[in-house]
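The values are calculated or read from the model by the stated rules, or taken from the named source; none is laboratory data. Since this is a predicted model, take the numbers as computed values, not measurements. Neighbour counts are summed over all protein chains in view; Cβ atoms, including those assigned to glycine, are modelled from backbone coordinates with ideal geometry. Heavy atoms of the whole protein, side chains included, go into the accessibility calculation; ligands, DNA and RNA do not. Shrake-Rupley method; radii C 1.70, N 1.55, O 1.52, S 1.80 Å.
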Amino acid sequence: MLVDGKWTDNWQPVQATDSKGGFVRQVSSFRNWVTPDGAPGPTGEGGFRAAAGRYHLYVALICPWASRALIARRLKGLEEAISLSVVEPVISAEGWRFGTSPGATPDAVNGATYIHEIYTRADPHFTGRATVPVLWDKVRGTIVNNESADIVRMLNSGFGDLASNQFDLRPADLLDEIDALNDDIYPRLNNGVYRAGFATTQAAYEEAFWDVFSMLETLEGRLCAGKGPFLFGERLTETDIRLFVTLVRFDAAYHGVFKCNLKKLAEYPALSAYVADMLAVPGVRETVNIDHIKQGYYSIRTLNPNGIVPVGPDLPGLAPVARA
């Protein structure tokens, strides 16, 4: 963690808990927006105009929040417009680290060794966790935004004609439904698995555990009753990205190291088919690195002291599965 711009201690997965011993996630600190004309977005300040080659995305392939942004970048055809750096899967004593292991890259933009150096370049007095994803402005030399939900939305609409219009991740006629389903999935499932994994009391763990599996049952029922293949029928939206990044990690990481072990995702036929359908969307499969996911989660020493990485499972959804 950084305190007034200084790295103060070995990386820890939990920095705050509530009165019941539940995991509390840090609020994102940089909330500016890229827009087609550089006007201010919903939060932060203006001056971040869309331009090819101006912005750089820092991600970890183990991280579902970073993978949201990575998928949106692919679906919107922004790979050439926005450059990319990928950190090592194993979390070091100083947090996310750049490197040259398979699937990782050096930081070709700022020459940093650790993600926390990117934060102190943007704010020499930054205090907090150095998280991913990070959207960096090469022109102003600062972080635009480090909130994955914001980054997905600006990739969807903030880059104007630079982006492909094949997918509209927030279609106007579905906004209320998208936001309502996001608000249900996030606390119970996306963050629910973390609340279970990082709980410090039995009560907090069990509360999160049942939130996770009640949400999975609800989604299984929705997909069985729906007209698929996605949550809103034929149209892939940001909600699908948000759900997919959790589901694709479930059996490989959350079922084991996070103790979300009532059932495996493979035991949900509709959800398994959904993951397979998402993986079949051109560009999505390339954002998933199951080896990074397993190495990363099982490198969390507080949860897995010996650091042993399981051999299985492989990437789920290798072929579409018929729904019930």
### Query
Which percent of the accessible heavy-atom area of the chain goes to carbon and sulfur, probe 1.4 angstrom?
52
### Query
So what is the relative contact order for segment 6-60, in percent, with contacts set as C-alpha pairs under 8 Å and at least six apart?
19
### Message
Need the list of aspartates and glutamates near K138 for cross-linking: C-alpha distance under 13 angstrom, and skip anything on the same chain fewer than eight residues off.
### Response
D107
## Note on the structure
Cross-link reach from K20 to aspartates and glutamates, straight Cα distance under 14 Å and at least 8 residues apart if same chain, gives E206, E207
### Task
Can you work out the accessible area per residue across segment 197-321, with the rest of the protein chains kept in place, probe 1.4 Å, in square angstrom?
41
### Two-site label geometry, R235 and K20: point separation in nm, points 7 Å out along Cα→Cβ
3.6
### Query
Contour minus end-to-end for S83 and D179, with contour as 0.36 nm per residue of separation and end-to-end as the Cα-Cα distance?
31.7 nm
### Task
Using only protein heavy atoms and a 1.4 Å probe, report how much of Y268 is accessible, in Å² to the nearest 10.
0
### Shape call, segment 171-242: gyration tensor on alpha carbons, a/c limit 1.5
prolate
### trypsin sites (Lys or Arg not before Pro), loop per DSSP, at most 12 other Cβ atoms within 10 Å - longest free stretch of the chain
21-226
### Message
With every protein chain left in place and a probe of 1.4 Å, what is the accessible surface of W136, to the nearest 10 Å²?
### Response
10
### Task
Find how many whole Å separate the alpha carbon centroid of segment 200-234 from the alpha carbon centroid of segment 108-177.
28
### Task
Could you tell me the distance between the Cα centroids of segment 249-305 and segment 50-85, to the nearest Å?
21
### Query
Any idea what the relative contact order of segment 67-157 is, in percent, if you count C-alpha pairs under 8 Å spaced at least 6 apart?
25
### Task
Give the residues of segment 62-100 whose amide nitrogen is closer than 17 Å to a point set 7 Å from the Cα of E286 in the direction of its Cβ.
67-86
### Task
Quick one: plug the Kirkwood hydrodynamic radius of the chain (C-alpha pairs) into Stokes-Einstein at 25 °C, 0.890 mPa s, and report D in µm²/s.
122
### Summary
Computed ³J(HN,Hα) along segment 212-227: with the Karplus parameters 6.51/-1.76/1.60, θ = phi - 60°, integer Hz and x for glycine or proline, the list is 4, 7, 5, 5, 4, 5, 4, 5, 4, x, 4, 5, 5, 8, x, 9
### Query
By DSSP, what percent of the beta bridges with both residues in the chain are antiparallel, rounded to the nearest 5?
75
### Task
Ignoring everything but the protein chains, give the 1.4 Å probe accessible area of L262 in square angstrom, nearest 10.
90
### Task
Take every Cα pair under 8 Å in the chain that's 6+ residues apart, average their separations, divide by the length, and report that relative contact order as a whole percent.
19
